[in-house]
1. Hey, A90 hits all of (1) more than 25 Å from G21 (Cα to Cα); (2) modelled with pLDDT under 90 but one; which does it fall short on?
2. Do we find that K36 is over 17 Å from the mean Cα position of the chain (by Cα) and among the charged types (D, E, K, R) in this structure?
3. Based on this model, can you work out whether E151 counts as among the acidic types (D, E), within 17 Å of V19 (Cβ to Cβ) and under 18 Å from the mean Cα position of the chain (by Cα)?
4. Hey, among A175, A183, A125, which residue is modelled with pLDDT of 95 or more, over 20 Å from A72 (Cβ atoms) and either in contact with a Leu (Cβ under 8 Å, 6 or more places away or on another chain) or not assigned by TED's automatic domain parsing to the domain that holds R37 (or both)?
5. Would you check which residues across region 156-171 are surrounded by 17 or more Cβ atoms within 10 Å (Cβ to Cβ) and free of Cβ contacts under 8 Å to residues at least 24 places away in the same chain and list them?
6. Kindly indicate whether any position in region 137-155 is at pLDDT below 90, touching a Leu at 6+ places or on another chain (Cβ under 6 Å), surrounded by 18 or more Cβ atoms within 10 Å (Cβ to Cβ) and at negative phi.
Amino acid sequence: MNAGSTMERVYLDLKARIVGGAYPPGTRLDPFHLAKRLAASPTPVREALHRLSGERIVDSWHQEGFRQPIFAESDLCDLYRWSGALLALALRDPALQKSETAAMLPTMEIEDYPARVARLYRAVALLNGNREIRFAIANMIDRSEFFRAAEARTDPVASEEIASMETAFLQERWADLRRKSAAFHRRRVARAGRVAAELRPRSQTIE
């Protein structure tokens, strides 16, 4: 395996672990310790961490290394507002009126709330004609996957809200979907404190 393919493998593997919640908030992500788990040398791991830092999926400080982000209530509020603004912008694309939506939202049953949120957001992004908006939504999906499970645990109606948004999407009721998305994100902001508390950040080093 050449250096380029090794770096990409390490990046994708590490990214999946981080956004999937393998490490608690505040966990120090040490390249040497991670290298053992990823069957790689520290160099591609360090490069992957720098790349993930640029995508704001991990936190980094000069000469202090990397860590799994710690989400304060204010951080979550900012992310929820940004997510809501992105979807509102994407759903105003005139091209939506001429699209085949059914192909964008797979009909297979997904019970997992984080996966359903990601699937819906990704479907909206794919229908939008602006590549920058698509990229921004994809990045938002990655950055928010870590705390989606906490949303479901702290909000009994979160899954119902997503189901309602899915229905509006499949029926191409774009104005209705914009309203539902706005309400969904307002509720996320209102309950951000509960999600932050549920995450219970604690600092540790991977060994």
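The values are calculated or read from the model by the stated rules, or taken from the named source; none is laboratory data. In this text the structure is predicted, and so the values were computed from the model without any measurement. Neighbour counts are summed over all protein chains in view; Cβ atoms, including those assigned to glycine, are modelled from backbone coordinates with ideal geometry.
1. Evaluating A90 over (1) more than 25 Å from G21 (Cα to Cα); (2) modelled with pLDDT under 90 leaves (2) as the failure.
2. Values: over 17 Å from the mean Cα position of the chain (by Cα): yes; among the charged types (D, E, K, R): yes.
Against the criterion (over 17 Å from the mean Cα position of the chain (by Cα) and among the charged types (D, E, K, R)), K36 qualifies.
3. It is true that E151 is among the acidic types (D, E), within 17 Å of V19 (Cβ to Cβ) and under 18 Å from the mean Cα position of the chain (by Cα).
4. Details: A175 fails: modelled with pLDDT of 95 or more; A125 fails: modelled with pLDDT of 95 or more.
After ruling out the rest, the residue left standing is A183.
5. Residue satisfying the conditions is A168 alone.
6. So far as region 137-155 goes, no, none of its residues is at pLDDT below 90, touching a Leu at 6+ places or on another chain (Cβ under 6 Å), surrounded by 18 or more Cβ atoms within 10 Å (Cβ to Cβ) and at negative phi.
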